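What follows is calculated from the coordinates using simple rules that are stated; it is not laboratory data. Every value quoted in this text rests on a predicted model; they were computed, and no experiment measured them. Cβ placement follows ideal geometry from the backbone for every residue including glycine, while neighbour counts extend to all protein chains displayed.
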Amino acid sequence: MMQVVRQIKERSKIDLECKGIKYDLFRLDDSEYDLLRDNSLPIEDPDFWFYHLLFRSENDKRNKLNLAEVFVTLESIFGKSGNAFDHHKGSFSFPVLLVIKKHEQSFFYLMNISDHRGSVSFRLYKIIQDGLEAKDYNNTQKPFEDEFSRHEINYFFSYFYGSLISHFHIFKDINPAQPFLKRIDSSLVLYGYKDNEYFELDCETSEEYEAEIQLFEEKYGKESKSEKINALLQAIISESA
């Protein structure tokens, strides 16, 4: 007899408010992200210096997170990473539906929080519900000033990043960390947790890169592909139990 297993999706959601604007962020799975991305317009990114000051400035390191700290914080808020990223140039993707509420109106945007060559980015897209041909969806647009202006976008990114920093400091005090290693092959970047701290390492050569990986695996072990597959199978089975 066939048995139908119905599973209830748990969706992570956070609410933020700054400068009189409310933001609802709903975590999306990859299929939802793909559908919305196919019906959205990419919004022009902030300039290089904005991201540099936000993530990479050497000033006030207490208010910066390295790549490992960003990753565990996002994972603690939104759950496991999706797969909407270049696996040679990146290592995680957290797509969210961003609902902007202001002036008694709601505007719908798509945001993919991901990394690229060792740098975090907040890619933003305006969701189009009607009125445009599919060919337009790859053309980068300037911000829609009456909905979500460049100033508001930059301020929101800064505010959101600040909330990640606050969350991380709470998270690390109540959650024991386990060693892990993530790699970005295109840029020879490694990050993770070892020796009781979160780390990010930019290697100069491929030899140094491989040596650091080997040192980590010798000390903490290497998770085999079969172990990952078995863990996934058990997780799927347990969900329907």
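Sequence-ordered 3J(HN,Hα) estimates for region 199-204 from the Karplus curve with 6.51, -1.76 and 1.60 and θ = phi - 60° stand at 9, 9, 10, 9, 8, 7 Hz, glycine and proline given as x.
The amide H of K194, built 1.01 Å from its N in the peptide plane, has F199 as neighbours under 5 Å, considering only residues 5 or more places off or on other chains. For region 75-80, the Karplus equation 6.51 cos²θ - 1.76 cosθ + 1.60, evaluated at θ = phi - 60°, returns couplings of 5, 5, 8, 10, x, 5 Hz by residue, with Gly and Pro reported as x. Across every direction, the projection of the convex hull enclosing the Cα atoms of region 114-241 has a mean area of 13.5 nm². When the helices of the chain are scored as -39500 (n - 2.57) per DSSP H run of n ≥ 4 and the total is divided over every residue, the value at 222 nm lands at -10500 deg cm²/dmol.
Ranking of K172, K228 by neighbouring Cβ atoms within 10 Å, starting from the fewest: K228, K172.
Here r is the Cβ-Cβ distance between E218 and E104 and R0 is 51 Å; the resulting FRET efficiency, rounded to 0.05, is 0.30. Amide H contacts of L28: V96, L97, each under 5 Å away and 5 or more positions distant or on a separate chain (H built 1.01 Å from N in the peptide plane; Pro and chain starts excluded). Using the Cα centre as the reference, give the magnitude of the dipole from point charges on the C-beta atoms of the chain (Lys, Arg: +1; Asp, Glu: -1; all else neutral), rounded to the nearest 20 debye. Value, rounded to 20: 600 debye. For labels at A177 and Y51 in the simple 7 Å Cα→Cβ model, what's the distance in nm? Calculated label separation equals 2.4 nm.
Would you tally the net charge around R150, using a Cβ to Cβ cut-off of less than 11 Å, leaving R150 out, and scoring K and R as +1, D and E as -1?
-4
For the chain, what is the Kirkwood estimate of the hydrodynamic radius, computed as the reciprocal of the mean inverse distance between distinct Cα atoms, to one decimal in Å? Result for the chain, one decimal place: 19.9 Å. The phi torsions of region 30-35, fed into the Karplus equation with coefficients 6.51, -1.76 and 1.60 and a -60° offset, translate into couplings of 5, 5, 5, 4, 4, 5 Hz, rounded to whole numbers, with Gly and Pro shown as x.
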